[in-house]
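Here is the structure we will look at.
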Amino acid sequence: MNELLSRRTFLASSALWSGALLSPSVFGKTSEAQIPNVAWQSLRRSLTGPLLTPGDQGFNELALPNNLRYRAIRPGAIALCSSPEDIAQCLKWCSHTGVPLATRGGGHSYAGYSSTEGLMINLMNFNTATYTPQDGTITVCPTVAAGGFLLGGGIGFDMRRHGIASDHLMATNVVLANGDIVTATAETNPDIFWAMRGGAGGNFGINTSFTLNTFPVDQSVEFQLGWSNVSDEFLAVYFKTFEAAPKELGSKVTLTPGLALKGQERPMNVSVIGQYIGSSRDLREILAPIYQQALPDEEVIQLMAYWNASSFLSEAGTPGYYQERSRFVNGPMPSSMFQAMREWLTQWPNAQGSGSIKFFQMGHETNALKPTDTAFVHRQSQWLSSIEITWTPGQTIPSRMLAHRWQDKFYKAITPLCGGGAYQNFPDPSLRDWATSYYGENLNRLMARSHTPRGHAAFITPAAYPLIGCNRRQDAVSQ
């Protein structure tokens with residue numbers, strides 16, 4: 001059985017175990033032309049929010065994903081749901097008609113799993129936020145920064161101080177596959193609540209709100225540093241220094257291949273962005289061992305208000321063509337990683353586009369909970385690595401093939417060195433052991449039946465696919 005069929009089998013059997021009201025035809029390919037207009041009209045009449053079909057104003061913009069690799073996958077219709085009841089109607093309609101669906105917050109699914117040829121449930125109208133000063137909680141609706149971010153864990157520059165974002169989740173409202181609208185907390189529907197904290201978006205239902213606790217913020221020191229043509233000795237000192245840094249420091253480092261000069265090995269370049277909750281002087285003391293190795297070619301270190309700092313650290317999220325492959329690094333960075341990075345970064349095939357490896361700094365409070373305390377199982381890591389490639393729309397197939405092969409071989413080389421699983425919020429269509437890589441020892445519990453008060457079961461689908469699955473696999477070199 002090939003990989004795609006095995007994933008479909010998993011999805012189908014999971015739905016049967018859970019008692020979800022799915023039609024078998026949902027697992028087949030349904031094109032827009034196969035869905036009669038009368039069916040769309042029936043759905044439109046049942047919704048309070050608009051249902052857009054091709055030709056309607058705004059349809060093309062909403063159908064476009066952030067990863068343009070999947071831009072050709074266009075929905076038959078887009079439901080701009082305005083209430084949980086609208087979502088429930090969509091789920092029941094899809095169950096009755098057998099039309100596949102996908103849920104979209106901001107369309108940033110790395111692997112295009114918020115796209116579908118059936119019905120797209122768009123959550124852009126769930127966009128409010130309410131702060132309660134009495135208990136310091138905030139309730140938000142699932143934009144890309146809430147739904148997709150929280151359900152898979154949620155990483156950021158504050159996580160070494162405060163843990164990953166889903167550790168702060170206190171309650172969530174969710175529409176289950178059968179249309180039931182429930183609230184999940186540590187006391188009410190605790191199995192669903194446990195699964196929502198790292199089980200990844202779209203696997204158990206469609207979330208319509210999240211309530212989280214908060215922490216006070218003031219100012220922070222933001223930094224952006226860069227070095228060119230670094231040595232393995234420099235990398236060893238760099239990672240050792242950052243691993244020993246206090247939890248008030250958070251960072252992301254990117255290694256890229258430099259320009260290859262004739263007769264010379266392609267160099268490695270390093271850039272890092274991050275924040276430190278403290279003084280600029282203290283940050284410089286922390287960085288001193290690295291500066292003794294080499295002074296940066298680029299240096300920005302400045303004290304900023306917290307929300308201004310968030311803008312400083314944000315990166316452009318404009319649509320493009322890309323794929324990422326991730327692995328958590330358990331324990332300190334092994335020296336063998338430096339050798340592997342040098343070997344593969346220096347072999348970048350110079351295809352159009354770019355290739356790089358990134359490391360998001362983990363540790364401290366990200367590992368405070370046990371792997372089984374929430375569905376987020378990755379509680380032993382110091383770093384989260386991700387090998388990224390990008391390409392251009394006019395790039396030739398042979399050129400793109402070179403980039404994908406480079407990425408796959410690089411990933412194969414570092415996987416045993418990292419020792420950890422893959423990040424479910426960076427879904428990887430090339431990952432064969434996706435279930436154990438994303439969920440590890442929590443997989444069996446996620447697959448087990450978890451009854452709601454009304455006797456209906458929660459369920460899991462592969463994290464690589466959305467709720468009730470738009471089952472399809474995209475060619476590795478498709479645009």
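Assorted remarks:
- Hits in the stretch 307-341 (condition: loosely packed, with under 14 Cβ neighbours inside 10 Å and charged (D, E, K, R)): E315
- Every test in (1) open to solvent by 30 Å² or more (accessible area, probe 1.4 Å); (2) over 30 Å from M401 (Cβ atoms); (3) touching a helix residue (DSSP H, G or I) at 6+ places or on another chain (Cβ under 9 Å); (4) part of a helix (DSSP H, G or I) is passed by M304 save one, and that test is (4).
- Failed item in (1) assigned to a loop (DSSP other than H, G, I, E, B); (2) touching a residue at least 60 places away in the same chain (Cβ under 8 Å), with Q382 passing the rest: (1)
- Residues that are touching a strand residue (DSSP E or B) at 6+ places or on another chain (Cβ under 6 Å) and either under 20 Å from W40 (Cα atoms) or of a type in the set (S, T, N, Q) (or both), drawn from the stretch 68-77: P75, A77
- Among (1) in contact with an Asp or Glu (Cβ under 9 Å, 6 or more places away or on another chain); (2) of a type in the set (A, V, I, L, M, F, W, C); (3) closer than 29 Å to A171 by Cβ - the single one V140 does not satisfy: (1)
- Among residues of the stretch 211-243 being within 27 Å of the chain's Cα centre (by Cα) and small (G, A, S), the one that is surrounded by the fewest Cβ atoms within 10 Å (Cβ to Cβ) is G226.
Results for (1) open to solvent by less than 20 Å² (accessible area, probe 1.4 Å); (2) closer than 26 Å to L249 by Cα, shown as yes or no for each residue.
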position	(1), (2)
S83	no, no
G107	yes, no
A111	yes, no
S115	yes, no
T137	yes, yes
I155	no, yes
R161	no, yes
S166	yes, yes
L169	yes, yes
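- Checking each residue in the stretch 36-73 for being in contact with a Leu (Cβ under 9 Å, 6 or more places away or on another chain) and not in a helix (DSSP H, G or I) picks out L47, G49, P50, L51, L52, G58, R71.
- Residues satisfying the criterion are present in the stretch 335-358 (criterion: closer than 20 Å to G156 by Cα and either touching a Lys or Arg at 6+ places or on another chain (Cβ under 8 Å) or in a helix (DSSP H, G or I) (or both)).
- The residues in the stretch 340-353 that are farther than 19 Å from Q264 by Cβ and either touching a Pro at 6+ places or on another chain (Cβ under 7 Å) or modelled with pLDDT under 95 (or both) can be counted, and the count is 3.
- Answer from W391, W344 - the residue that is among the aromatic types (F, W, Y), open to solvent by 20 Å² or more (accessible area, probe 1.4 Å) and more than 17 Å from the chain's Cα centre (by Cα): W344
- When the residues of the stretch 45-74 are filtered to those that are buried (at least 16 other Cβ atoms within 10 Å of the Cβ) and among the basic types (K, R), the one that is nearest to I389 (Cα to Cα) is R69.
- Checking T172 against (1) under 26 Å from R161 (Cβ atoms); (2) assigned to a loop (DSSP other than H, G, I, E, B); (3) of a type outside the set (G, A, S), the condition it does not meet: (2)
- Looking across the stretch 245-271, the residues that are out of contact with any helix residue (DSSP H, G or I) (no Cβ under 8 Å at 6 or more places or on another chain) and either assigned to a strand (DSSP E or B) or under 20 Å from S231 (Cβ atoms) (or both) come down to K252, T254, G258, L259, A260, L261, G263, Q264, E265, P267, N269, S271.
- The set of residues in the stretch 88-100 being in contact with a Leu (Cβ under 8 Å, 6 or more places away or on another chain) and in a helix (DSSP H, G or I) consists of Q89, C90, L91, K92, W93, C94, S95.
- When residues of the stretch 250-299 are limited to those that are over 26 Å from the mean Cα position of the chain (by Cα) and polar (S, T, N, Q), the one surrounded by the most Cβ atoms within 10 Å (Cβ to Cβ): Q293
- Selection from the stretch 139-153 of residues that are of a type in the set (S, T, N, Q) and open to solvent by 50 Å² or more (accessible area, probe 1.4 Å): T143
The values are calculated or read from the model by the stated rules, or taken from the named source; none is laboratory data. For clarity, every value in this text was computed on a predicted model and none was experimentally measured. When we count neighbours, we look across all protein chains shown, and the Cβ atoms used for this are built from the backbone with ideal geometry, even at glycine. Note: accessible area is taken over every heavy atom of the protein model, side chains too, but ligands, DNA and RNA are not part of it. Shrake-Rupley method; radii C 1.70, N 1.55, O 1.52, S 1.80 Å.
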